[in-house]
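Before anything else, here's the structure in question.
The values are calculated or read from the model by the stated rules, or taken from the named source; none is laboratory data. Everything numeric in this text was worked out from a predicted model, so none of it was measured. Cβ: placed from backbone, ideal geometry, glycine included. Neighbour counts: every protein chain shown. Surface accessibility is based on the protein's heavy atoms, side chains included, excluding ligands, DNA and RNA. Shrake-Rupley method; radii C 1.70, N 1.55, O 1.52, S 1.80 Å.
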Amino acid sequence: MTAELQVDVAILGAGMVGASLVHLLAPARQQGLRIALIDRQPLKPEADTSERPPSFDGRATALSYGTQQLFAKLGLWQHIQSSACAIEHIQVSDQGHFGQAHLHAHEQNTEALGYVIENAALGKGLLRGIDTLDNVELFAPANAEQIQMNADGAQLTLDDGRILQTQLLVMADGGRSPLASQLGIQHSRQPYGTHALVTQIECDQDHNHWAYERFSGDGPIAFLPLQQRSYAVVWTLNDDEIDAVMALPDGEFLARLQQQIGMRLGQFIRVGERSRYPLALVQSKEQVRRSLVLLGNAAHSLHPVAGQGFNLALRDAAVLAEHLNRAHNKCQGLGDLALLQAYEAQQQTDQRNTIVASDVLPKLFGSKQSALTFVRDAGLLGLAAAPTARRLFGRHAMGLGQRAASVR
Ligand SMILES: Cc1cc2nc3c(=O)[nH]c(=O)nc-3n(C[C@H](O)[C@H](O)[C@H](O)COP(=O)(O)OP(=O)(O)OC[C@H]3O[C@@H](n4cnc5c(N)ncnc54)[C@H](O)[C@@H]3O)c2cc1C
């Protein structure tokens, strides 16, 4: 059977990561690089939640300062800025213990430590006009059913019978990819025994651009500022508690949540829809092969406690794009294994550090052992007392600890 369409790069999955990669490849696209973007969901920025890629559901995402800077360079920030709320201060505290630390944007000499945006608004920004970009062909809604690696790269078979031949296939198809398994790519999966309960609350006080990371008896909870008096909440709960908390009537839910953090945010007066996500550290055992790269959740899916999953994946995507833009400019093959291994090697340290930090935090702060309690309180007090430690911690949280990939 002959391929219906030949492209240079096929991106499977138009979630946050796949859609971002299309924009990051603008320099090569402008020089003729042809991209196919495939998703089983229709890619209409204004579609209902049920019709959008799962990345753009009812959650909100904390974007690091580094991510914001990258979006600004790509010309995307101007489209999402009005929906994003700046985090100017962060309070990290431990319920029932004395440790507490504050981070401030002015100590980092920036206007914000990061930004919070509803995923739906982020989706609108990333998908806006994507169907009119030069050299991008959309295949959506279309389900990729089969991948075959061949001498020219990879061949993708879609559920409507169309076949795509590509030099390079980027799998940005999320954490549960049957196609990766089809290729014999294995994943390690370490469940945390917890779920993230995600919702929004409204308070009777302005947030004044404060975010709160609270380590409570139930598990870590993040309160991220959104509109003037509302927060996005990510509450980690043990698997055996999640059903009961999801089912609580609104009043009881708010009372239980208020108990975890006290009155520092004011009185909670309203709660939005609740949703739940099982939490596990999932890592692909291979991220590159000849003509193949795994990106985003397909490569690593992290605990959301530190809000780093997408920020890390975007740094990966930016570095990959830097290699691909350069190779295309020099007329080099994009599926070349050495090229893809160079990308992987460049991102190894960033991935390792970010994954370890996201893995250690919930374990350290989820523990009731007194030795660990002492360590975390000492850590928080150290942060509270030492401006240099705060600056370093802040730079990591802001996604500035790593060299930013260049974007033309
Ligand atoms: C509760 C929670 C809170 C989070 N908060 C933050 C945060 O504050 N900051 C942060 O940086 N990160 C955060 N994250 C992580 C972030 O959400 C993920 O990193 C991000 O969603 C990964 O996106 P992705 O594009 O890799 O995958 P996905 O969003 O899963 O997208 C994969 C896409 O591939 C498509 N697809 C899959 N298979 C096929 C197929 N066979 N054919 C066609 N299409 C296919 C799907 O339709 C989908 O659109 C959070 C995660 C959770 C669970």
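Output the residues belonging to the range 231-270 that are surrounded by fewer than 17 Cβ atoms within 10 Å (Cβ to Cβ) and assigned to a strand (DSSP E or B).
Across the range 231-270, the qualifying residues are Asn238, Ile269, Arg270.
If you scan the range 11-47, which residues turn out to be among the β-branched types (Val, Ile, Thr) and away from the ligand (no atom under 11 Å from the Cβ)?
Across the range 11-47, the qualifying residues are Val22, Ile35.
Within the range 127-144, how many residues are within 10 Å of the ligand (Cβ to nearest atom) and within 20 Å of Leu76 (Cβ to Cβ)?
1
So is Arg176 surrounded by fewer than 19 Cβ atoms within 10 Å (Cβ to Cβ), within 18 Å of Leu279 (Cα to Cα) and within 12 Å of the ligand (Cβ to nearest atom) or not?
Yes: the conditions hold for Arg176.
Under the condition of being in a loop (DSSP other than H, G, I, E, B) and open to solvent by less than 30 Å² (accessible area, probe 1.4 Å), which residue from the range 184-209 is nearest to Leu224 (Cα to Cα)?
His207
Moving on. One residue is enough: does the range 67-78 have a residue meeting the conditions under 28 Å from Ser177 (Cβ atoms), of a type outside the set (A, V, I, L, M) and touching a residue at least 60 places away in the same chain (Cβ under 8 Å)? Don't jump to the end; show me each part of the working.
We begin by selecting, within the range 67-78, every residue under 28 Å from Ser177 (Cβ atoms); these are 67, 70-71, 74, 76.
Adding the requirement that they be of a type outside the set (A, V, I, L, M) leaves 67, 71.
Remaining after also requiring touching a residue at least 60 places away in the same chain (Cβ under 8 Å): 67.
Yes; the residues of the range 67-78 include at least one that is under 28 Å from Ser177 (Cβ atoms), of a type outside the set (A, V, I, L, M) and touching a residue at least 60 places away in the same chain (Cβ under 8 Å).
Evaluate the following for Leu63: is it within 12 Å of the ligand (Cβ to nearest atom), closer than 25 Å to Val288 by Cα and in a strand (DSSP E or B)?
Taking the combined requirement at face value, the residue does not satisfy it.
Further, regarding this structure: Need a quick list: strands (runs of 3 or more DSSP E) entirely within the range 70-113 having at least 3 residues that are hydrophobic (A, V, I, L, M, F, W, C). Even if it seems obvious, please write down each step before you answer.
Values: elements: 85-87, 89-94, 100-104.
Of the strands (runs of 3 or more DSSP E) lying wholly inside the range 70-113, those with at least 3 residues that are hydrophobic (A, V, I, L, M, F, W, C) span 85-87.
Consider only pairs whose beta carbons are under 9 Å apart and that are at least six residues apart or on different chains; among these, list those whose first residue lies in the range 148-171 and is hydrophobic (A, V, I, L, M, F, W, C) and whose second residue is in a strand (DSSP E or B) and at pLDDT below 95.
Ile163/Leu5; Leu164/Leu5
List the number of the failed condition for Gln155; all other conditions in (1) surrounded by fewer than 20 Cβ atoms within 10 Å (Cβ to Cβ); (2) part of a strand (DSSP E or B); (3) at pLDDT below 95 hold.
Going through (1) surrounded by fewer than 20 Cβ atoms within 10 Å (Cβ to Cβ); (2) part of a strand (DSSP E or B); (3) at pLDDT below 95 one by one, Gln155 breaks only (3).
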